[in-house]
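Read-outs throughout are calculated quantities, based only on the coordinates presented, and are distinct from any laboratory measurement. Treat the numbers as computed from the prediction; the structure is a model and nothing was measured. With ideal geometry, Cβ positions are generated from the backbone for all residues, glycine too; neighbour counts draw on all protein chains shown.
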């Protein structure tokens, strides 16, 4: 997903022949012809987590945290009917894409202070989780169109072909659309670029009974185009769940891939108190050390008989690899855990480290790392409320500061990137919402000697916060 040198770096559609790509359409219209409402809804104002800050300060965190580095409340960056989005940054420029049926692009030249008007990119879905990658002035955006629906253990899912558009001038202009696949079977894509090589991974349903994972490798050309090698099946599903949620990260010749896999044939399990999985999955990992030409054998990263899922993966030019995921002996009360490598995946630092703590149930963790600054966010359910929580690190993810409240949501997964002076978080429950955090104020890691006390005190504080916030915000779980 995010790759050096960058900090990191969903119903009916028109046919490919019917595409018309205006430079900047006004008003915005969905492919079905309906006008997309231009109202950008008022954000939920986030209360300052006073008690958590007091407790964190008492345990040695920097007093500057009391100034609330998150600053302004969340703002809306898309009209309604947009559930899928992506964000990436380079320097002081932040890039955003979003789209259900129609994909749009926006950018901010001042690290999120102001945003350009939406530019229409193409028809399709801006599927999670990393369809957007930025490397300096080069912007790569992939999306899925030629949609058909297939039913799996979860629901009827929209799958299709992968398309790409590229800008070589920071988003000013875009090269013509390029179709990358033709089996109408792709879902959930992850894109990364390093050293002129493009790496693309996705869930694939060309097998009617399971999810496989496919990989595609491309090479930048002098004229700005990309030449792609033939696609390869990277992971084969073995049952009705299969291999899902692939995430990709690249640094130099190291290509890191994480996913959740049900090959261990665990019994069914229930997550988030409402999602029934036919087989309880486990997080797997592999890597390539030669730029994607070959991959090492698949490696199970946690015990086979304990739920672990929804992995993310991120890396940087220093060899740090962070692999966060949902984890729980009781899958209905999962917490966010992290595996960390400091040598490009040669070795991993012991057992998974717990990053989130009860009483909330954590899911959809997301991380980015660059130059010893690591950022970690997740969605957390707490009784009557759902919220996004953040922890920061100043030592490459070895230790983390206290939890920080980002926003109240409606079961929305956070996505994140870092620019020169801010970390940027987006999420969507139909409208893409945005908030940024000032990196001039980084949290001081919590002392290990006080770990048990921190867990207990922050747990009490978080429970108090959620009860208080739930009364004020009336947010449903």
Check your understanding: Taking the alpha-carbon centroid of each part, what is the distance from segment 268-319 to segment 85-164 in angstrom?
Key -> 24
Check your understanding: Can you sort 148, 157 by how many other beta carbons sit within 10 Å, fewest first?
Key -> 148, 157
**Study point:** Three-way shape label, segment 112-169, alpha-carbon gyration tensor, a/c 1.5
**Key:** prolate
Practice item. Taking every pair of alpha-carbon atoms in segment 133-292, give the share separated by more than 24 Å as a whole percent. Key: 38
Study note, to complete from the structure: Against the 2.2 N^0.38 Å rule of thumb, the C-alpha Rg of segment 320-449 sits at a ratio of 1.02
Review point. Taking the Cα-to-Cβ direction at residue 207 and at residue 275 and moving 7 Å from each Cα, how far apart do the two end points lie in nm?
Key: 2.1
Practice item. Would you mind calculating the gained length between residue 294 and residue 227 on full extension (0.36 nm times residue separation, minus the Cα-Cα distance), in nm to one decimal? Key: 22.3 nm
Exercise for review: Sort 202-209, 213-220, 416-423, 252-259 for me by packing, meaning the mean count of neighbouring Cβ atoms within 10 Å per residue, highest on top.
Suggested key: 252-259, 416-423, 213-220, 202-209
